[in-house]
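The values are calculated or read from the model by the stated rules, or taken from the named source; none is laboratory data. Predicted model only: the values in this text are computed from it and were never measured. Counting neighbours? That spans all protein chains shown, and the Cβs are built from the backbone with ideal geometry, glycine included. When the accessible area is computed, the model is the full protein with side chains, heavy atoms only, and any ligands, DNA or RNA have been set aside. Shrake-Rupley method; radii C 1.70, N 1.55, O 1.52, S 1.80 Å.
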Amino acid sequence: MSDEDFMQEAIAQAKQAAAEGEVPVGAIVVHNGGIIGRGQNRVIRDSDPTAHCEIVAMRQAAQHLRNYRLTGCDLYVTLEPCSMCAGAILHARIARLVYAAPDPKAGACGSVLSVMNHPQLNHRVNVTAGLLADECSSMLTSFFQARRQPRA
């Protein structure tokens, strides 16, 4: 599968989150060419402020590998990770991060903060930004526009 194929899998997770009333952000973890973790935002459903899609996907991947270190894994996410998720990505030792849309309000991979690959931290992640960004940005914009509409 290509990077675009994997990002489409993350987009499918984001769409499922939206259908459940969550902010439409999705993630997958890939190891040796196969998906070993899937996540979608679950903060409302789980009443858990840490249930961001990246965390959910990495937890599933860690269970699959039976290891908290996700060495050799790639993470695909539809929105630039926040500082919490960026920290978890670093601690998990994710090898590569591919994200779609930048997050100008909370992004921690350069938009607001630069947690990812900070020179004083001991792990480096290969980061690819902007893959299918327009599609993911549009999904978020549509979701929030619909949420702001007055209910009849």
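Round to the nearest 10 and give me the degree value, 0 to 90, for the angle of helix 53-65's Cα axis relative to the longest principal axis of the chain. Roughly 40 degrees between the two axes.
Keeping all protein chains in place, calculate the accessible area per residue for the stretch 1-148 (probe 1.4 angstrom), answer in Å².
Working: 7250 Å² over 148 residues.
About 49 Å² of surface per residue is accessible.
On the protein heavy atoms, probe 1.4 angstrom, tell me the percent of accessible surface of the chain carried by carbon and sulfur. Mind showing how you got there, number by number?
Values: 3900 of 7840 Å².
Looking at the chain in its full context, I get 50 percent from C and S.
Using a/c under 1.5 as the rounded threshold, could you call the stretch 1-84 rounded, prolate or oblate? The axes a ≥ b ≥ c are square roots of the C-alpha gyration tensor eigenvalues, and prolate needs a/b larger than b/c, oblate otherwise.
On the way: a/c = 1.99, a/b = 1.28, b/c = 1.56.
Verdict is oblate for the stretch 1-84.
Provide the packing ranking of 12-25, 103-116, i.e. peptides ordered by the mean count of other C-beta atoms within 10 Å per residue, highest first.
By packing density, highest mean first, the sequence is 12-25, 103-116.
Close amide H partners of residue 127, meaning residues 5 or more places away or on another chain with modelled amide H under 5 Å apart, are 97. Hey, what angle do you get for helix 133-148 against the long axis of the chain, alpha-carbon based, 0 to 90 degrees rounded to 10? The two axes meet at around 40 degrees.
Between the helical axis of 3-19 and the longest alpha-carbon principal axis of the chain there is an angle of about 40 degrees.
Between residue 12 and residue 44, the distance separating the two model label sites (each 7 Å from Cα on the Cα→Cβ line) works out to 2.3 nm. Beta-bridge orientation, the stretch 19-152: approximately 55 percent antiparallel, per DSSP, counting only bridges with both partners inside.
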